[in-house]
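Have a look at the structure below, then the notes.
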Amino acid sequence: MSDDNDPVDALVVRGLTRRYGKRVVVKNLDLSVKQGDIYGFLGPNGAGKTTAMRCMLGLIARNGGTVKIFGDSNLVRSHAHIGAIIENPVFHGWLSGKENLRLSASYANIPRSERKKAIEEVLERVNLAERARDKVRSYSLGMKQRLAIARALLAKPKLLFLDEPTNGLDPRGVVELREFIGTLATEDGITVFISSHQLSEVEALCNRVGIIHHGELRAEGNVAEMLMSDKPLLDVTASDPGALAAHCTERPDVTVLKAARGVVRVRLDDIDAAMFNAALVQGGFEVSALVPATRSLEDLFLEVTA
Ligand code: ATP
């Protein structure tokens with residue numbers, strides 16, 4: 001039963017399907033985003049994320065399914081509530097950041113009397129006010145990305161779609177953008193739908209994720225709950241990591257989740273840590289560390305897209 005305090009549905013997608021020729025690129029996709037969520041939309045290259053987002057935004061037609069934005073399936077009305085950056089944003093390089101925003105404000109039907117204030121506000125918000133009069137061709141990639149966000153914020157959206165916004169940014173740029181997106185949600189109350197390959201960023205930023213593979217939703221839910229494991233995980237360091245991984249793979253009572261830099265991560269399916277340690281020693285391994293581990297979003301991603 002719904003409660004008055006339940007968050008409102010910001011985006012509800014049901015049965016979304018898109019074909020290119022005979023190839024079904026998005027298959028019967030269901031997902032839902034509540035107001036206030038920062039929702040991470042994940043999937044390997046070619047999984048269908050951009051295609052699905054384009055369909056949700058009505059930029060390309062869908063072959064089936066419904067998309068409701070704040071309860072409304074009417075594209076024109078729902079567009080009043082959304083801002084989006086899909087793929088690499090394009091600007092007029094010979095114009096300044098401010099001039100580009102003036103153009104966008106006129107396309108976005110922002111009343112003439114409100115444009116100046118709206119542009120100044122978004123430039124301040126993305127920290128570009130000082131460079132607003134410089135030509136966009138002189139901007140760094142990070143500045144262009146911030147200008148794109150400023151443009152998406154012009155019409156004061158309630159739901160923001162960001163398609164791989166950290167693409168090409170350096171590590172500091174990635175962290176700054178993550179922090180900025182967090183403040184859009186917490187300070188401006190904007191619901192964010194973001195596709196990304198930066199799993200550690202998504203884990204730090206998003207409260208919910210959906211993972212798609214070959215156009216199908218493979219997992220969706222609250223990040224913290226999805227990362228909880230009902231069985232213990234251990235990072236094992238021992239002599240001969242290759243042989244250790246092979247040994248563990250053959251055991252019926254554990255599952256090898258990954259092996260990297262000499263450490264083998266196992267899930268204890270049907271054995272406790274002490275017995276497992278004893279079995280390894282008995283098997284001739286010199287065990288130097290057995291450390292309880294927590295599942296990362298990367299682990300989950302690799303499992304569900306295997
Ligand atoms: P990435 O993470 O690499 O950006 P993605 O998950 O966003 O990938 P899409 O760009 O949606 O994936 O592509 C999904 C599939 O649809 C791919 O196989 C791609 O080749 C195909 N595709 C995308 N656009 C078109 C198009 N215009 N015509 C034909 N096929 C297309």
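Quick notes on this one:
- Here segment 137-149 is the region considered, the condition is being touching a Lys or Arg at 6+ places or on another chain (Cβ under 9 Å) and surrounded by fewer than 21 Cβ atoms within 10 Å (Cβ to Cβ), and the residue that is nearest to GLU201 (Cα to Cα) is GLY142.
- Residues within segment 227-241 that are in contact with a helix residue (DSSP H, G or I) (Cβ under 9 Å, 6 or more places away or on another chain) and either farther than 23 Å from THR255 by Cα or in a helix (DSSP H, G or I) (or both), tallied: 1
- Only one of the numbered conditions (1) assigned to a loop (DSSP other than H, G, I, E, B); (2) within 13 Å of the ligand (Cβ to nearest atom); (3) within 27 Å of SER200 (Cβ to Cβ) is not met by LEU59, and that is (3).
- PHE70 fulfils the conditions (1) within 16 Å of the ligand (Cβ to nearest atom); (2) not assigned by TED's automatic domain parsing to the domain that holds GLU220 except for a single criterion, (1).
- Verdict on ALA152 being surrounded by 21 or more Cβ atoms within 10 Å (Cβ to Cβ), closer than 24 Å to VAL67 by Cβ, in contact (Cβ under 8 Å) with a residue 24 or more places away in the chain and of a type in the set (A, V, I, L, M): yes
- Cβ pairs under 7 Å, 6+ apart, first in segment 49-66 and within 19 Å of PHE193 (Cα to Cα), second in a helix (DSSP H, G or I) and more than 11 Å from the ligand (Cβ to nearest atom): GLY58/LEU75
- For segment 273-306, a residue qualifies if it is touching a residue at least 12 places away in the same chain (Cβ under 8 Å) and either among the hydroxyl-bearing types (Ser, Thr, Tyr) or part of a loop (DSSP other than H, G, I, E, B) (or both), and the qualifying residues are GLY283, PHE285, GLU286, SER288, THR294, ARG295, SER296, THR305.
- Test: residue in segment 203-226 that is at pLDDT below 90, assigned to a helix (DSSP H, G or I) and in the same structural domain as ILE85 (by TED's automatic domain parsing): no
- Test result for PHE193, more than 16 Å from the ligand (Cβ to nearest atom), aromatic (Phe, Trp, Tyr) and in contact with a strand residue (DSSP E or B) (Cβ under 8 Å, 6 or more places away or on another chain): no
- Restricting attention to segment 66-99, the residues that are in a helix (DSSP H, G or I), closer than 18 Å to PRO157 by Cβ and modelled with pLDDT of 95 or more total 0.
- Counted residues, segment 168-204 - those being exposed (fewer than 15 other Cβ atoms within 10 Å of the Cβ) and under 25 Å from ILE69 (Cα atoms): 5
- Checking each residue of segment 25-37 against the condition of being near the ligand (Cβ under 9 Å from one of its atoms) and aliphatic (A, V, I, L, M) gives at least one match.
- Within segment 156-177, if we keep just the residues that are within 14 Å of VAL126 (Cβ to Cβ) and part of a helix (DSSP H, G or I), the residue that is farthest from the ligand (Cβ to nearest atom) turns out to be GLU176.
The values are calculated or read from the model by the stated rules, or taken from the named source; none is laboratory data. Owing to the predicted nature of the structure, the values given are computational and were not obtained by experimental measurement. Note that each Cβ is placed from the backbone with ideal geometry, even for glycine, and that neighbours are counted across all protein chains shown.
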